[in-house]
Amino acid sequence: MQSLSSPPTQTRPRVLKRIACLICCALCIMARSASAACPSWPLWQTFKTLYISSDGRAIDASTASQITTSEGQSYAMLLALAANDRAVFAQLLQWTENNLAKGDLGKTLPAWQWGRNTHQQWQVLDDNSASDADVWLAYSLSEAGRLWREPRYTQLAQALSATILREEITLVAGLGPALLPGVRGFVREQTWRFNASYLPLQALRLLAREHNPLWNDIAASSLRIIIASAPRGYATDWIEYRSDHEFDRGFITDRTTHGLGSYEAIRVYLWAGMLAPTDPDFDTINRQLAPALRQFAQQTHPAERIDTTTLTLQGTGSPGFSAAYLPLLKTNQQMTALAQQLERTRQSLTTNQAYYSDVLTLFGRGWLEGWLRFAASGRLQVKWSSTCTR
């Protein structure tokens, strides 16, 4: 007599088949979910193949010295974080510490330039710091600590933030605490030289939130520098602030570059466009840069150089210049210009001879495609899920 608790013999194969089908379906769903949670960023994959060595060095191969800069390392680390590439992030960090920061990024600001000298020896070529690199390094480490749940990165970010505050912040009469472009060479006879593209507000906000509220004061002075650097709506590469005495202080045209806006200033538009619309200074910066955006939206390509005093345009900017404008164009709903400039960026990432242009392309298109966005708090918003590990 057959047990009532057992299925008839002839139904067992069908039951087992249905169970197998259900398991298969569940595995397919899990695979699709994992794929959606762990997307791959094609542009990053191409970029790291072209520019990043196996030991973690971002190389500008277009230069005779085959240089690496602290800026390049910081950008590559931020992009690696956006792509969820933990292995390359770790390699970049290790190379930076060992070769630019004397083995301890928590205690030593990285030298800004490393490469091959005239005797064909590889070494630090300039040991001055570059504060934009330092800020982005601290930012990337802080967000890597949060997103990857890696306490060592968080602790290193805290130490680096403290070193920046100690060595690269200066107190300027009438301006307050401000971020110098580097430790040496930017203060002379009661005149301070600043670079607005070194002041990404989203990064400063994150450092204030996570590490030290003094960064809020630096964000306030940075906003004033950014606005002053574009008096007619076009950003300059460099600007000076003079404080000779109580009644003679304020921003003046940089005496070296004479109001030129070019390879430095292009990042002012990039960082401004990447600000969260809810950032407290988003409207202020957008209004200030509106004249440049209006003119650019009517052109087939961005100019390579702008005389911000006469508004004379010269040369043709690289595809990366077009990419740097993409976030502003999108935010301001300049859709025709957006499509035109996006098409120009298709010329990027074909060789390893256009490092800076290609970096700008990754930032501009990465933002447009949602690989890296910034919340009003400064936090990095990424495409991948925190449950995805590689």
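Among the residues of the stretch 327-352, write down those that are closer than 26 Å to Met77 by Cα, in a loop (DSSP other than H, G, I, E, B) and more than 20 Å from the chain's Cα centre (by Cα).
Listed by number, the residues that qualify are Thr350, Thr351.
So is Leu214 crowded, with 18+ Cβ neighbours inside 10 Å, among the aliphatic types (A, V, I, L, M) and touching a residue at least 12 places away in the same chain (Cβ under 8 Å) or not?
no
How many residues, within the stretch 276-293, are closer than 23 Å to Leu175 by Cα, in a loop (DSSP other than H, G, I, E, B) and open to solvent by less than 50 Å² (accessible area, probe 1.4 Å)? Spell out the reasoning first.
First, pick out the residues of the stretch 276-293 that are closer than 23 Å to Leu175 by Cα: 279-289.
If we keep only those that are in a loop (DSSP other than H, G, I, E, B) too, we end up with 279-281.
Imposing the further condition that a residue be open to solvent by less than 50 Å² (accessible area, probe 1.4 Å) reduces the set to 279, 281.
Number satisfying all stated conditions: 2.
Output the residue which, of all residues in the stretch 233-249 that are part of a loop (DSSP other than H, G, I, E, B) and modelled with pLDDT under 95, is surrounded by the most Cβ atoms within 10 Å (Cβ to Cβ).
Looking only at the stretch 233-249, we keep the residues that are part of a loop (DSSP other than H, G, I, E, B), and these are 233-238, 246-247.
Right, trim to modelled with pLDDT under 95 and you get 246-247.
On the way: Glu246: 8, Phe247: 5.
The residue in question is Glu246.
Mind checking which residues of the stretch 211-251 are over 16 Å from Leu180 (Cα atoms) and hydrophobic (A, V, I, L, M, F, W, C)?
Residues satisfying the conditions are Ile227, Ala230, Ala235, Phe247.
Residues Gly370, Gly317: which one is at pLDDT 95 or above, assigned to a loop (DSSP other than H, G, I, E, B) and within 25 Å of Ile239 (Cβ to Cβ)?
Values: Gly370 fails: within 25 Å of Ile239 (Cβ to Cβ).
Matching residue, one of Gly370, Gly317: Gly317.
Scan the stretch 250-266 residue by residue and report those that are over 20 Å from Thr170 (Cβ atoms), part of a loop (DSSP other than H, G, I, E, B) and open to solvent by 50 Å² or more (accessible area, probe 1.4 Å).
Start the filter on the stretch 250-266 by keeping residues that are over 20 Å from Thr170 (Cβ atoms), which leaves 253, 257-263, 265-266.
Now drop any that are not part of a loop (DSSP other than H, G, I, E, B), which leaves 257-259, 262-263, 265.
Hits for the stretch 250-266 are His258, Tyr263.
Quickly run through the stretch 68-99 and pick out the residues that are assigned to a helix (DSSP H, G or I), open to solvent by 10 Å² or more (accessible area, probe 1.4 Å) and not aromatic (Phe, Trp, Tyr). Break it down stepwise before answering.
Within the stretch 68-99, the subset assigned to a helix (DSSP H, G or I) is 70-82, 86-99.
Next, only the ones that are open to solvent by 10 Å² or more (accessible area, probe 1.4 Å) stay: 71, 86-88, 90-91, 94-95, 97-99.
The answer is Glu71, Arg86, Ala87, Val88, Ala90, Gln91, Gln94, Glu97, Asn98, Asn99.
So how many residues does the stretch 275-317 have that are touching a residue at least 40 places away in the same chain (Cβ under 8 Å), within 24 Å of the chain's Cα centre (by Cα) and within 13 Å of Gln341 (Cβ to Cβ)?
Within the stretch 275-317, residues that are touching a residue at least 40 places away in the same chain (Cβ under 8 Å), within 24 Å of the chain's Cα centre (by Cα) and within 13 Å of Gln341 (Cβ to Cβ) number 5.
Applying the selection to the stretch 115-140, what residues are part of a helix (DSSP H, G or I), of a type outside the set (S, T, N, Q) and closer than 28 Å to Ser65 by Cα? Lay out the reasoning, then the answer.
Of the stretch 115-140, the ones part of a helix (DSSP H, G or I) are 131-140.
This time we only want the ones that are of a type outside the set (S, T, N, Q), so: 132-139.
Listed by number, the residues that qualify are Asp132, Ala133, Asp134, Val135, Trp136, Leu137, Ala138.
Mind listing whichever residues of the stretch 303-348 are open to solvent by 70 Å² or more (accessible area, probe 1.4 Å), over 18 Å from Trp367 (Cβ atoms) and not β-branched (Val, Ile, Thr)?
Within the stretch 303-348, Arg305, Gln314, Gln347 qualify.
I'm trying to understand the selection: among the residues of the stretch 57-67, which are surrounded by fewer than 24 Cβ atoms within 10 Å (Cβ to Cβ), over 13 Å from Thr118 (Cα atoms) and of a type outside the set (Val, Ile, Thr)?
Listed by number, the residues that qualify are Arg57, Asp60, Ala61, Ser62.
Scan the stretch 349-390 residue by residue and report those that are under 28 Å from Ser65 (Cα atoms), of a type in the set (Val, Ile, Thr) and open to solvent by 10 Å² or more (accessible area, probe 1.4 Å). Give the derivation first.
Start the filter on the stretch 349-390 by keeping residues that are under 28 Å from Ser65 (Cα atoms), which leaves 349-364.
Subset that is of a type in the set (Val, Ile, Thr): 350-351, 359, 361.
Across the stretch 349-390, the qualifying residues are Thr350, Thr351.
The values are calculated or read from the model by the stated rules, or taken from the named source; none is laboratory data. These numbers were taken from a predicted model, which means no experiment stands behind them. Cβ: placed from backbone, ideal geometry, glycine included. Neighbour counts: every protein chain shown. Note: accessible area is taken over every heavy atom of the protein model, side chains too, but ligands, DNA and RNA are not part of it. Shrake-Rupley method; radii C 1.70, N 1.55, O 1.52, S 1.80 Å.
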